[in-house]
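Working notes for the structure below.
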């Protein structure tokens, strides 16, 4: 209850700490610079070629063009493609850049189901972890300004489920109850321990990653992102999410 009151107080005034302090600004700038240098290093290690096709896909058509250009390149320069893919995906997750769903589709199209799922889960978990720690450093004012109501709800649910927090976080990751971006940014602010955040992310993202990566193999048949999650897929994800919290519900009913 005290934490809920604390969040309410912070929302009402100066507690949101904005603008950033000098050291927070330095820390954030260092993170941005580090990712920028990482992407630059990946680009510089690529062999000389025309990379005008390289851009973040914003539609299925953009994704098809990127896939067609990368298919032959991937077989010859697999390591460079993997490094570039991971750096881009992790950067997008860290800085909340939309479009990672297209990157997941691309993984399926280029690497197949098993390798694609492993790649997406690794990159998504690394990116979510990076976002978690960045938010712990400077995220409080952003979360308070963008999602005040969601934050209050999330804080209350986390406080209520402290003893079974891993099950609850798994449920959130598997089902579309709360956006993954919000979970990444808000978790450190509502005191979700990192080890629970990490495990829930690593395990909970597998079902959705499988659905998306598998769809990437049949990229030519997709007309829009809406085709990914039909009614059956959404129901299946909810059932998996319910299964993740069932042990907690059963233990409560016995006590």
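The values are calculated or read from the model by the stated rules, or taken from the named source; none is laboratory data. Fair warning: this is a prediction, and the values are worked out from it, not measured in the lab. Cβ atoms come from the backbone with ideal geometry, glycine included; neighbour counts cover every protein chain shown.
For the range 53-73, what are the residues that are in a helix (DSSP H, G or I), modelled with pLDDT under 85 and touching a helix residue (DSSP H, G or I) at 6+ places or on another chain (Cβ under 8 Å)?
73
Take the residues in the range 184-206 that are under 15 Å from the mean Cα position of the chain (by Cα) and not in a helix (DSSP H, G or I); name whichever of them is farthest from residue 118 (Cα to Cα).
Taking the candidates together, the pick is 188.
Please state which one of 211, 190, 245, 235 is over 24 Å from residue 89 (Cβ atoms), surrounded by 17 or more Cβ atoms within 10 Å (Cβ to Cβ), out of contact with any strand residue (DSSP E or B) (no Cβ under 9 Å at 6 or more places or on another chain) and at pLDDT below 90.
245
Those residues that are assigned to a helix (DSSP H, G or I), modelled with pLDDT of 50 or more and touching a helix residue (DSSP H, G or I) at 6+ places or on another chain (Cβ under 6 Å), I need them from the range 1-25; list them, please.
The answer is 24, and nothing else.
Go through the range 26-48 and count every residue that is surrounded by 11 or more Cβ atoms within 10 Å (Cβ to Cβ) and assigned to a loop (DSSP other than H, G, I, E, B).
Counting residues in the range 26-48 that are surrounded by 11 or more Cβ atoms within 10 Å (Cβ to Cβ) and assigned to a loop (DSSP other than H, G, I, E, B) gives 2.
Hey, any hits in the range 68-75 for a residue that's buried (at least 20 other Cβ atoms within 10 Å of the Cβ) and touching a residue at least 40 places away in the same chain (Cβ under 8 Å)?
no
Has the range 176-191 got any residue that is touching a residue at least 40 places away in the same chain (Cβ under 8 Å) and at positive phi?
So far as the range 176-191 goes, yes, one or more of its residues are touching a residue at least 40 places away in the same chain (Cβ under 8 Å) and at positive phi.
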